[in-house]
1. When Cβ neighbours within 10 Å are restricted to other protein chains, what is their mean count per residue of peptide B:256-266?
2. Using 7 Å Cα-to-Cβ label points, what is the B:THR121/B:VAL200 separation (nm, one decimal)?
3. Lys/Arg Cβ at +1, Asp/Glu Cβ at -1, dipole of segment A:104-184 taken about the Cα centre: which of A:GLY167, A:ILE109, A:PRO156 is farthest positive-ward?
4. Mind checking the mean number of beta-carbon atoms from other chains within 10 Å of the Cβ atoms in A:97-105?
5. Only Lys, Arg, Asp and Glu count, each charged at its Cβ (+1, +1, -1, -1), so figure out the dipole size of segment A:19-108 about its Cα centre, rounded to 20 debye.
6. Find how much the distance from B:THR82 to B:PHE151 grows on full extension, using 0.36 nm per residue of separation minus their present alpha carbon separation; answer in nm with one decimal.
7. When ranked by the protection proxy of mean other Cβ atoms within 10 Å per residue, highest first, what sequence do the peptides B:231-239, B:179-187, B:104-112 form?
8. Ranking request for peptides B:284-297, A:45-58, B:89-102: highest mean number of other beta-carbon atoms within 10 Å first, then the rest in descending order.
Amino acid sequence: MSTAVHPASQSQSEGSGGATWRSRVLWFLTVITIIAVIYGLYVGLFVAGTDIEQGEVQRLFYLHVPSFSGATIAFVGTVVGGIAYLITRNNKWDSLAVAGVEVGLALAIINLVTGSAWARPIWNTWWNWDPRLVSDAIMILTYAAYLFLRNAIENPDQRRRFAAVYGILAFTTVIATFMIIRIRPDTIHPVVFGPVLTDASMMATQGDFELDATPGVTAAVGLNSAIWSMLVPLVLVWHRIRLENLMQRVHALKIRVLEK
Amino acid sequence: MRILNLKNLIPLTLALIFAFPFALAAQEATDEPTAEATSEAAAPTVSELSIFDDFYNHASGWHVRIPEGWTDESTAEYARFTREGDAITVLHATATEANAAIDAALAVALPNVDLGDPALTNVVNLLNGEWTQHLFTNTSAGNVAVYAQVFENVSYAVVSVSEDSLPVIIAAENTEADTLTNTLQIAAALYDPTIGAQAVDVTTLNTTPVYTVSTYENEAGETVTSLSRARTATLYVVTGATTDVDALFQDSVLFSMLSDFFITPQTAFYLYLGVGLSFAILLILIASMYVRYRNLRQDEASLRELENE
């Protein structure tokens with residue numbers, strides 16, 4: 001594994017074989033991801049059957065759940081980056097952390113927006129103060145605050161330390177969002193996967209559907225989950241890390257020029 | 001072996017991971033939906049919309065439960081279930097008004113039969129909306145109950161034809177016991193106007209939901225039995241010249257069929273909205289990253305020039 005590399009010296013290794021190889025892999029993954037997203041959309045919109053109780057809007061499930069999975073993966077990257085930064089003080093881990101937040105935030109907003117679009121015809125409202133929705137909103141606001149607060153700290157070392165700790169603690173909102181529909185009996189958010197309260201009669205969910213009631217649903221969910229949980233966050237975070245590396249290079253170059 | 005070096009291994013692994021859901025999707029997409037036909041004579045056409053094994057699913061998006069113990073004689077155009085001379089037909093029509101829908105439904109279910117004027121016409125409120133009820137009693141075709149609902153300019157009708165019983169949905173003025181009893185007697189009298197004003201016997205069954213069996217005696221001394229259930233102030237009543245409560249239960253499936261009837265909602269707009277917004281957010285993120293990248297590249301180029309001066 002490579003040792004810590006100062007961002008300023010990364011430009012010197014730009015022409016090296018290792019960076020070129022990684023670029024090729026990234027661009028290969030990017031093309032694959034674009035094709036996969038389009039194919040996943042095709043399967044979700046045209047191959048999977050129409051749910052007879054909810055109509056076409058049920059297909060948003062193929063974006064809604066996978067985007068939350070992708071956001072979770074990205075936020076896990078933030079936690080990993082935060083912990084590793086606190087241990088090693090290597091800036092590359094901070095790059096991973098901030099990349100995870102940006103990408104995770106976008107995917108979390110997609111999750112919220114698709115949920116809202118689904119809820120309008122099914123629950124007859126764009127929004128209600130359901131525990132799951134509130135938890136999701138808190139999660140998004142928490143990570144949005146990460147970006148704002150990060151930019152407000154001028155000292156780069158202080159900024160990275162604060163961001164690392166904040167990013168680790170913020171993950172509790174992700175756990176809470178995931179768990180809340182399984183422990184609150186009053187949530188109307190459907191539980192399609194996983195366990196719930198043992199007393200099913202306590203669950204007030206609306207909009208449930210059986211995965212095997214409509215042909216193609218399981219395949220569409222599996223495919224889109226794989227794409228949006230693995231490929232999409234991986235590729236976006238990777239691109240974002242490269243952007244962060246470029247930012248640090250430019251910053252170091254600026255300092256050198258100013259000191260000249 | 002050159003093929004197993006790291007450069008090739010990662011793309012291969014990703015390709016395998018990626019291929020698995022494709023294979024899964026392809027298999028699911030080609031699986032034929034399973035539909036159990038309860039009659040070999042005319043199996044119902046299961047629409048592409050879904051596979052609810054105990055529902056008739058019409059291709060246009062309406063769905064009605066197949067009653068247990070009845071023979072399924074449905075076609076692609078309408079649902080039809082028969083049992084011992086009784087028949088329930090469900091269909092839709094382009095009529096946008098309930099009475100016109102009822103006429104269209106009767107033309108299909110009972111062609112060339114003159115039923116005369118209905119003995120009762122009312123509007124009943126069920127959980128799935130308002131239904132217009134027309135009851136024709138003691139006709140040449142038997143007792144005919146027709147229910148029609150109009151939704152988004154399409155009408156849906158349920159026609160029940162029974163030789164020996166009459167289903168009635170009727171709203172009482174309030175939920176007081178006396179009022180319900182009087183309303184029940186009115187409903188039963190639609191079947192046989194000669195029954196007494198008071199029931200001879202009333203038994204509450206230990207069922208969920210709670211059913212009541214009311215026994216009347218008509219002018220000829222024959223027993224007329226009503227099986228009824230109250231949902232707030234609405235009574236669901238099946239009356240027949242019989243003491244066989246089980247037979248009345250069989251005839252009461254009409255009510256659960258009406259309640260379980262549903263139409264797949266048209267929600268495509270919200271799908272497009274959700275997908276559009278999702279990709280807009282994704283594009284905003286990508287565009288933001290690209291713009292920042294481009295600006296940084298320009299800054300880098302300028303700074304290098306300055307550094308080299």
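Values in this text are rule-based calculations from the coordinates and carry no lab data. Everything quoted here is computed from the prediction, not taken from an experiment. FYI the Cβ positions are ideal-geometry reconstructions off the backbone, even for glycines, and counts take in every protein chain you see.
1. Numbers: counts 0, 0, 0, 0, 0, 0, 2, 3, 8, 9, 4.
Mean shielding count: 2.
2. Taking the simple label geometry, B:THR121 and B:VAL200 are separated by 3.6 nm.
3. Of the listed residues, the answer is A:GLY167.
4. Numbers: counts 0, 0, 1, 0, 0, 3, 2, 0, 2.
If you average over the peptide's residues, the count of other-chain Cβ atoms is 1.
5. Dipole about the Cα centre, nearest 20: 540 debye.
6. On the way: separation 69, 0.36 × 69 = 24.84 nm, distance 2.65 nm.
Length gained, B:THR82 through B:PHE151: 22.2 nm.
7. On the way: B:231-239: 20.8, B:179-187: 18.7, B:104-112: 16.6.
Per-residue mean Cβ counts within 10 Å order the peptides as B:231-239, B:179-187, B:104-112.
8. On the way: B:284-297: 13.5, A:45-58: 21.1, B:89-102: 19.1.
So the order, starting with the most tightly packed, is A:45-58, B:89-102, B:284-297.
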